[in-house]
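Working notes, beginning with the structure itself.
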Amino acid sequence: QVQLVESGGGLVQTGGSLSLSCAASGGILSINVMAWYRQRPGKKRELVAHITDTGGTNYANSVKGRFTISRDNAKNDVYLQMNSLKPEDTAVYYCNAVLRPYSSRYLSEYWGQGTQVTVSS
């Protein structure tokens, strides 16, 4: 069964850095896109950044120049390096992947359980 497991959240002061990791496992044939989303208190879940299987990236305007997404295709891992953090970055961060399991002919979307990032002012 496919699982996405995030790690690396925590509490940091304004201006600090955090690194998030997400490991995808469980009978995966291929992964197309991997992404990070976040849900801030009282807000809808929003895309932070995504990365394709060929390394193409896209970022939300609010994080451009501060966050960097990367992936290790051999490990099925995706990472998010977050620098110059602001209180408005406080959110639950979710890993997302569009992938094809061995058990299916189709692509499906999967989510991690989320990890809390809190930036204190």
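The values are calculated or read from the model by the stated rules, or taken from the named source; none is laboratory data. Because the structure is a prediction, the values reported are computed rather than measured. All Cβ positions, glycine included, derive from the backbone under ideal geometry; neighbour counts span all protein chains shown. Side chains included, ligands, DNA and RNA excluded: accessible areas come from the protein's heavy atoms. Shrake-Rupley method; radii C 1.70, N 1.55, O 1.52, S 1.80 Å.
Are there any pairs, at least 6 apart or on different chains, whose C-beta atoms fall under 8 Å, with the first in the range 8-31 and in contact (Cβ under 8 Å) with a residue 60 or more places away in the chain and the second aromatic (Phe, Trp, Tyr) and not in a strand (DSSP E or B), and if so, which?
Taking only residues 6 or more apart or on different chains, the pairs are 27/102; 28/102; 29/102.
Residue-wise test of (1) in contact with an Asp or Glu (Cβ under 9 Å, 6 or more places away or on another chain); (2) polar (S, T, N, Q).
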site: 9; (1), (2): no, no
site: 16; (1), (2): no, no
site: 27; (1), (2): no, no
site: 37; (1), (2): yes, no
site: 45; (1), (2): no, no
site: 78; (1), (2): yes, no
site: 81; (1), (2): no, yes
site: 85; (1), (2): no, no
site: 100; (1), (2): no, no
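Write out, first by first residue and then by second, each pair whose Cβ atoms fall under 6 Å of each other, whose residues are 6+ apart or on separate chains, and whose first residue, in the range 102-119, is hydroxyl-bearing (Ser, Thr, Tyr) while the second is assigned to a strand (DSSP E or B).
Within 6 Å, the pairs are 102/29; 110/4; 110/97; 115/6; 115/93; 118/11.
Check 4, 107, 18, 85 and return the single one that is open to solvent by 40 Å² or more (accessible area, probe 1.4 Å) and of a type in the set (A, V, I, L, M, F, W, C). Quick ask: steps written out before the conclusion?
Details: 4 fails: open to solvent by 40 Å² or more (accessible area, probe 1.4 Å); 18 fails: open to solvent by 40 Å² or more (accessible area, probe 1.4 Å); 85 fails: open to solvent by 40 Å² or more (accessible area, probe 1.4 Å).
Result: 107 is the single residue among 4, 107, 18, 85 that is open to solvent by 40 Å² or more (accessible area, probe 1.4 Å) and of a type in the set (A, V, I, L, M, F, W, C).
Does residue 35 count as assigned to a strand (DSSP E or B) and in contact with a His (Cβ under 9 Å, 6 or more places away or on another chain)?
yes
Name the pairs: first residue in the range 58-71 and among the charged types (D, E, K, R), second residue surrounded by fewer than 16 Cβ atoms within 10 Å (Cβ to Cβ), Cβ to Cβ under 7 Å, at least 6 apart or on different chains?
Sorted first by the residue in the range 58-71, then by its partner, the pairs are 66/83; 66/84.
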